[in-house]
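Read the figures in this text as sums done on the coordinates, not as results from a lab. None of the values given here were measured: they were computed from a predicted structure. Counting neighbours? That spans all protein chains shown, and the Cβs are built from the backbone with ideal geometry, glycine included.
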There are 2 protein chains.
Amino acid sequence: MPLNPDAVGSMGEPTEVSWTSKDALLYAVGIGAGTDELAFTTENTDGVEQQVFPTFPVVIGWGRGSALGSIGSFNPALLVHGQQSVTLHRPIPVEGTAVLQQEVTGMYDKGKAAVVTTATRATLDGEPLYTNTASMFIRGEGGWGGDRGPSGPQNVPPDRSPDHSVTYRTSPDQALVYRLSGDRNPLHSDPAFAAMGGFDRPILHGLCTYGFTGRALLHTLCDGDPAKFGHVEGRFTSPVLPGEALTVDMWEIGDGESVFVTRVDDRPVIDQGLLRHG
Amino acid sequence: MPLNPDAVGSMGEPTEVSWTSKDALLYAVGIGAGTDELAFTTENTDGVEQQVFPTFPVVIGWGRGSALGSIGSFNPALLVHGQQSVTLHRPIPVEGTAVLQQEVTGMYDKGKAAVVTTATRATLDGEPLYTNTASMFIRGEGGWGGDRGPSGPQNVPPDRSPDHSVTYRTSPDQALVYRLSGDRNPLHSDPAFAAMGGFDRPILHGLCTYGFTGRALLHTLCDGDPAKFGHVEGRFTSPVLPGEALTVDMWEIGDGESVFVTRVDDRPVIDQGLLRHG
């Protein structure tokens, strides 16, 4: 059964989601934060107020409130996460209850694949808290003669060396910690399952790489202050294996914007990256 | 105000405590388990049933149901964890609700210090599940002319090289993950707090070292099967810094018993160790 392109505009159910200080701490260690980042990894360090990483919204309410039920049936094994953005309307409190609602914002026909885009808007006490957007690339779908959608590179780095580069090494067990924040897909833990997907061993969650990237951006371009971190976006281009080192190259392009690429050695793993910062 | 030696026999309130599969997974990564131990670090690996590390009872219901309120007042900063044992009456299920009750089983007068021992017994569906015992060494107490209690070395290794030695390296961030299983004492995370205790930097939780030790014992002497892990005991002798490597030396002494010492290089950190195994 093909996808239903008329699903654009469909809304998921408004869904109440809660998180605790412990959830924020667990996410922090899941994306590699450590003893140099006690504002994010502890709640009781003297003189230090707990803060929440700006990319935490990607795990809040994990798997709940999805609007994808409306788009028709497809093989989830052929779905790949394409782009992801997080826009913070204000910093995420260390604990809270928000209401999120997801919308199918676009369905594009790439011929032998489809791209589906969503926006998830979260409110806290009736006021906007964050908006996540994501695009999913679904192989084997498409072909309904629809719009191919936007294309061409975005957020291209200027033709000069990066203004900043930060390298963090992931641990061999990184995915086993990260998955406790919600995404239990065995692609990231079960060797036999990963082999069925064509991987020599389980791969790191793309959103874990995204979190490492957000840490580098926060500390380098926002003075470590989540209030200065307004918006991040990027595109997943290559899987990462737990244990690999991630280097985030950043270029400040003015007007509170920077573009970035995250790479493993010379292999880009997130490209077309943009940060809007204070 | 001194301690009250008549508190021996005092019972804490029976306390209902619950744990989830996620709690067991979080404990597993907190004691360093990784991709070679998917039965303990994942719940959805094909063909692998989730299991629970036998030392998990030391964090179940952390801080609840204590009987120590009856022993009088003392300076908690002068309390040091001495010995710890865990006896499993059956393997711990991956999730459950147990009732635990703690008893003050002994108070000993060392002159310039006191030793207080406790036993915590847990039942599941009315049947014994596990029993933990612990001893606390409290400097600045004692002197009431009471019994000095048992002394002299126990579980002394035979005069030969160990039958088995296993080394695990802790990570620099180990305490930040382990603490999410319950013990948020800033001695293990806040550099200024640790400095007040005379440490150059935060030290690892003794019970985290204990968990690493239990992993080594389980995999080496119990075929990785918690059902073969009957009882473990040991004495904390020296602090461990996150990032240090722990070596567990084991001697099989027959009759389903082995003795062990855990060390960092040549420095014992848990000694007088005994495992009863199937």
Chain B - mean residue ellipticity at 222 nm from DSSP helices (-39,500 (n - 2.57) per run, n ≥ 4, rounded to 500): -4000 deg cm²/dmol
Under-5 Å amide H pairs with A:Leu129, H placed in peptide plane, nonlocal only: A:Ala122, A:Thr123, A:Leu124
Under 14 Å from B:Lys228, Cα to Cα: aspartates and glutamates that are on another chain or at least 8 residues apart: B:Asp255, B:Glu257
Phi-based couplings in Hz for the stretch A:165-176 (Karplus 6.51, -1.76, 1.60; Gly and Pro marked x): 9, 10, 10, 10, 8, 6, 9, x, 9, 4, 5, 6
Centre separation in Å (Cα based) which lies between the stretch B:36-76 and the stretch B:215-278: 17 Å
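What does the average come to when, for each residue of peptide A:174-184, you count the partner chain Cβ atoms lying within 10 Å of its Cβ? Before the final figure, lay out each step's value.
Numbers: counts 2, 4, 11, 9, 1, 6, 9, 0, 0, 0, 5.
Going residue by residue through A:174-184 and averaging, the value is 4.
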Shape call, the stretch A:104-166: gyration tensor on alpha carbons, a/c limit 1.5: oblate
Rounded, prolate or oblate (a/c below 1.5 giving rounded, otherwise prolate when a/b exceeds b/c) for the protein assembly as shown by Cα gyration tensor: prolate
Label point 7 Å beyond Cα along the C-beta direction, distances from B:Val17 to other copies (nm, shortest first): 3.2
Gain in span if fully extended, A:Thr15 to A:Asp223, counting 0.36 nm per residue against the direct Cα distance: 71.5 nm
Shape box of the stretch B:6-130 [Cα atoms, principal axes, largest first, Å]: 56, 31, 19
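So what is the relative contact order for chain A, in percent, with contacts set as C-alpha pairs under 8 Å and at least six apart? Intermediate results must be reported in sequence, preceding the final value.
Numbers: 641 pairs, mean separation 54.3, N = 278.
Relative contact order comes out at 20 percent.
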Cβ-vector label at 7 Å, A:Gly143, separations to other copies in nm: 8.8
Peptide B:34-46 - average C-beta neighbours from other chains (10 Å radius): 5
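Could you tell me whether chain A comes out rounded, prolate or oblate from its Cα gyration tensor? Rule is a ≥ b ≥ c as square roots of the eigenvalues, rounded for a/c under 1.5, then prolate if a/b exceeds b/c, otherwise oblate.
In terms of gyration-tensor shape, rounded.
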Using alpha-carbon coordinates, inclination of helix B:206-221 to the longest axis of chain B, degrees: 40 degrees
Nearby aspartates and glutamates by direct alpha-carbon distance to A:Lys112 (threshold 15 angstrom, same-chain neighbours under 8 apart not counted): A:Glu141, A:Asp147
